[in-house]
1. Within the range 118-143, how many residues turn out to be surrounded by fewer than 22 Cβ atoms within 10 Å (Cβ to Cβ), part of a strand (DSSP E or B) and not aliphatic (A, V, I, L, M)?
2. Please verify whether ARG19 is touching an Asp or Glu at 6+ places or on another chain (Cβ under 6 Å), assigned to a strand (DSSP E or B) and farther than 23 Å from GLY152 by Cα, treating the condition exactly as stated.
3. Could you pull out the residue among GLY152, GLY137 that is closer than 21 Å to SER91 by Cβ and either among the β-branched types (Val, Ile, Thr) or more than 28 Å from the chain's Cα centre (by Cα) (or both)?
4. With respect to the numbered conditions (1) in contact (Cβ under 8 Å) with a residue 40 or more places away in the chain; (2) touching a Pro at 6+ places or on another chain (Cβ under 7 Å), which one is the sole condition not fulfilled by PHE174?
5. Could you list, in sequence order, all residues of the range 7-25 that are open to solvent by 20 Å² or more (accessible area, probe 1.4 Å), among the small types (Gly, Ala, Ser) and under 34 Å from the mean Cα position of the chain (by Cα)?
6. Can you tell me which residue among ALA87, ALA35, ALA28 is crowded, with 18+ Cβ neighbours inside 10 Å and small (Gly, Ala, Ser)?
7. For the range 38-58, what are the residues that are among the acidic types (Asp, Glu) and open to solvent by less than 50 Å² (accessible area, probe 1.4 Å)?
8. Could you list, in sequence order, all residues of the range 57-104 that are under 23 Å from ALA120 (Cβ atoms), part of a loop (DSSP other than H, G, I, E, B) and without any contact (Cβ under 8 Å) to a residue 24 or more places away in the chain?
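The values are calculated or read from the model by the stated rules, or taken from the named source; none is laboratory data. Given the structure is predicted, the values throughout are model-derived calculations rather than measurements. Positions of Cβ are generated from backbone atoms using ideal geometry, with glycine treated the same way; all protein chains shown enter the neighbour counts. Just so you know, the surface numbers come from the protein's heavy atoms only, side chains and all, with ligands and any DNA or RNA stripped out. Shrake-Rupley method; radii C 1.70, N 1.55, O 1.52, S 1.80 Å.
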Amino acid sequence: MTHAMLKGSNVPLDAMAVRAVLRWSPGAGVPDVDASALLLGHSGRVRSDEDFVFYNQPRHPSGLVRRLPKKQVGDELTDTVEANLAALDPSVDQVVLAASSDGASFRHVTDLRILLYDAAAADGEPLAVFEVRPETGEETAIICGELYRRGGGWKFRAVGQGYPTGLDGLATAFGILVDETEEAAADESPEASEGPTVAAPRQLPPPPPLPPTQPVAQPAYGYPQPPLPSGRPPYGYPQPVSSPRPAYGYPQPAAAAAPAPDPNFRLPPMGPQFIRP
């Protein structure tokens, strides 16, 4: 039996592998719609950038969640995400199923819906159907539904929460690091693929090179040092002296012998001297 879902309602799942199919009618002024999935841990955020499955990364490394090619069914287009819930790592607590629009908001997509199928039944009836309606009309990304663990099994909840910031805003809300530099470069290049780009680790620019310096030849320790700019030798080394003096504690040179006294030398009279007129 197919469950017609209302926003916020949930339904238990017996199928352990499911296909979530987005369906809408193309036409003039209707943007293209892309399906995506985010694998969330117990914190409600992705465990790494590899947990984001979308058109630039259509397959999870585990191979358990993947995006299938778009198809045309009658007058409608479909975009599908397939998930093997039974084999997912226990650290995955939710699989968010989202839609993003290219070139215009979801105001121009009037009949978007998500259909959930048992992947084991190729032509079976859908397990659940949810008509996805934007709340403001400005949304460019919408969480259509989510698959989540409950009591050892899985459930599907109809969500219908939108983002006006597109797939980038949706990815950032769940912990994906979007490289804005590469995004800007992709916007400037018409041939570049659109959508979020998983960011590489950011690196700081190398410091500017130091100005070249002239090498200064330093003599070995214990050898005479070059004089300082003032002309004085470095501290601790022999200082210049104005006259050669022997070192302290060593024999001093004898003074030169004094000349012999004059035998005719007489001391002058002592006391006041009077000169006769």
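1. Looking only at that region, the number is 2.
2. Considered against the rule, which asks whether it is touching an Asp or Glu at 6+ places or on another chain (Cβ under 6 Å), assigned to a strand (DSSP E or B) and farther than 23 Å from GLY152 by Cα, ARG19 comes out as no.
3. Testing whether each residue is closer than 21 Å to SER91 by Cβ and either among the β-branched types (Val, Ile, Thr) or more than 28 Å from the chain's Cα centre (by Cα) (or both) leaves just GLY152.
4. (2)
5. none
6. Testing whether each residue is crowded, with 18+ Cβ neighbours inside 10 Å and small (Gly, Ala, Ser) leaves just ALA35.
7. In the first step, residues of the range 38-58 are kept if they are among the acidic types (Asp, Glu); the result is 49-51.
ASP49, ASP51 - these are the residues of the range 38-58 that are among the acidic types (Asp, Glu) and open to solvent by less than 50 Å² (accessible area, probe 1.4 Å).
8. Of everything in the range 57-104, those that are under 23 Å from ALA120 (Cβ atoms), part of a loop (DSSP other than H, G, I, E, B) and without any contact (Cβ under 8 Å) to a residue 24 or more places away in the chain turn out to be PRO58, HIS60, GLY63, PRO90.
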